[in-house]
Amino acid sequence: MKTVGIIAEFNPFHNGHKYLIEKAKALTGADTAVVIMSGDFVQRGAPAVCDKILRTRMALACGADIVFELPAVYALGSAEQFAYGGVKLLSSTLNIDAICFGSECGNIEELEDFAVKAEEFSGTSEFKSMMASFVKQGLSYPSAFEKVMAEKYGIAASSIYAPNNILGIEYCKALYRLQKSGTYAKLPKLYTIKREGSGYHDETLSSYPSATAVRNVLLGADNGTQADVLPEALPKAINGSLPDEVSKLVKEQYSVTLPITEDDFSDMMYLKLNTASDDELYAIPDTNKDIINKLIKYRGRHIVISKLIAEIKNKSFTYTAISRALFRVLLSPYYTKAAEAATATATATAAEAVSASAADNVTSDNAPVPYLRTLGFRSASSEFLKNLRYSDTCTIITKPADGDMNNPIYNLDIYAANLYSQICANKYKTGFTDELKTGPVIVL
């Protein structure tokens, strides 16, 4: 069995995702596609438009063979953290031959070359000095990074800084780090496929749309209000943009469990901002203190998350950076503890690996090995899962109740899923789904 790994959000699943899975299998010669997918919260700093179980059903119906959950601490992280979490989880199985992703350039050598330059230069005093200078000028971190790399290596922004390219570079950097650490005896090879159809942020539906365009239809952006989009009208509204199997699932679940938006969490955000102490908010890792300062000023005021983000947004803080900070706030202190544990795990593993042979399949004795929460699989791929039960480098979780609740990273996953379920149940007057009782989707 040859396997290809794909790191994704499928928020929601559309024709471009089906194309990626099909092409990834063809390009790598794999017969099994193993997906690491964000759970109920996604990397742009928002709840997924539909829950992770429904998105798993979509993926399995369209070519995926196994779907694992990317822990929320990585899913709500920066592009670097998101990519590292996905690459490390796939690598920890020692059974993934390749990792494939979409990119605007479609050139893996170009992305890998940039990744090595960025990884090696970012640790230098010169890099830190240049970054500090641009940030002082009011540039956001991503914009400052672009300028630093352009000045250092003469790489024009237009040639590399496209959304999927940027994420692809982070996949390359993550694998480069694992190679240097010698953490695992076997590492996958990276492949990329040139993105087809609409651009990442394009809001126009097409045969290969952006997820943004599909979400806008589900949210009623083209029809005035969400309520104007009736379930029976959805197949027409998104005609040709979603695989037939996905259109059917969307129609079944529209106004039953989807769509979910950031504004559905506004009341909980009000409660959190007005009950959390300043110390608790400032303790949230990887969260800009200036954003926290701005959020604190909204205590006692009416909160609508989308409007709050728009009011705070400026040239230093992107919409995504603020939104990600808000949902880290909402999920804390669980998020804070998970982020601290993830950092400690990465540091301990890297330190131990420095003096170890790659053949030792090194993991740190001071931290739990990575876990893979199974969201769904095709029965024909069950052998892959069985092999992981005896692995020394990762833990497989098929029944959520069997997970280690003493692991802060896993504890956050359970809390985040139950919070999402609470919002969904209240919005659509459906039953609450207890995450600890939610088994994987199995497709015969």
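The values are calculated or read from the model by the stated rules, or taken from the named source; none is laboratory data. Computed from a predicted model, the values in this text were never measured in an experiment. Counting neighbours? That spans all protein chains shown, and the Cβs are built from the backbone with ideal geometry, glycine included.
Some notes on this structure:
- In summary, no helices (runs of 4 or more DSSP H) completely within the range 139-193 bear 2 or more residues that are modelled with pLDDT under 95 and in contact with a His (Cβ under 8 Å, 6 or more places away or on another chain).
- Residue check, Y420 under 22 Å from the mean Cα position of the chain (by Cα) and either modelled with pLDDT of 95 or more or part of a loop (DSSP other than H, G, I, E, B) (or both): yes
- Top-ranked residue of the range 44-55 - restricted to ones that are at pLDDT 95 or above and in a loop (DSSP other than H, G, I, E, B), ranked as nearest to G85 (Cα to Cα): A48
- Of the set (1) surrounded by fewer than 21 Cβ atoms within 10 Å (Cβ to Cβ); (2) at pLDDT 65 or above; (3) of a type in the set (A, V, I, L, M, F, W, C), all apply to A358 but (2).
- Among residues of the range 34-72, those that are among the β-branched types (V, I, T) and either surrounded by fewer than 24 Cβ atoms within 10 Å (Cβ to Cβ) or under 20 Å from K427 (Cβ atoms) (or both), counted: 3
- Positions within the range 92-102 being more than 22 Å from K23 (Cβ to Cβ) and not in a loop (DSSP other than H, G, I, E, B), in sequence order: S92
- Qualifying position, being of a type in the set (V, I, T), more than 30 Å from L271 (Cβ to Cβ) and at pLDDT 95 or above, among T345, T336, T374: T374
- Counting residues in the range 227-250 that are under 19 Å from K52 (Cβ atoms), surrounded by 15 or more Cβ atoms within 10 Å (Cβ to Cβ) and at pLDDT below 90 gives zero.
- Residue in the range 143-153 that is of a type in the set (V, I, T) and over 28 Å from S241 (Cβ atoms) present: yes
- Within the range 379-417, the set of residues being modelled with pLDDT of 95 or more and of a type in the set (F, W, Y) comprises Y410, Y415.
- The combined condition, being at pLDDT below 95, crowded, with 21+ Cβ neighbours inside 10 Å and in the same structural domain as R177 (by TED's automatic domain parsing), is fulfilled by T363.
- Matching option when the condition is surrounded by fewer than 17 Cβ atoms within 10 Å (Cβ to Cβ) and in contact (Cβ under 8 Å) with a residue 60 or more places away in the chain, among N387, N411: N387
- Reported count of residues in the range 1-29, each being part of a helix (DSSP H, G or I) and either touching a residue at least 60 places away in the same chain (Cβ under 8 Å) or in contact with a Phe, Trp or Tyr (Cβ under 9 Å, 6 or more places away or on another chain) (or both), is 10.
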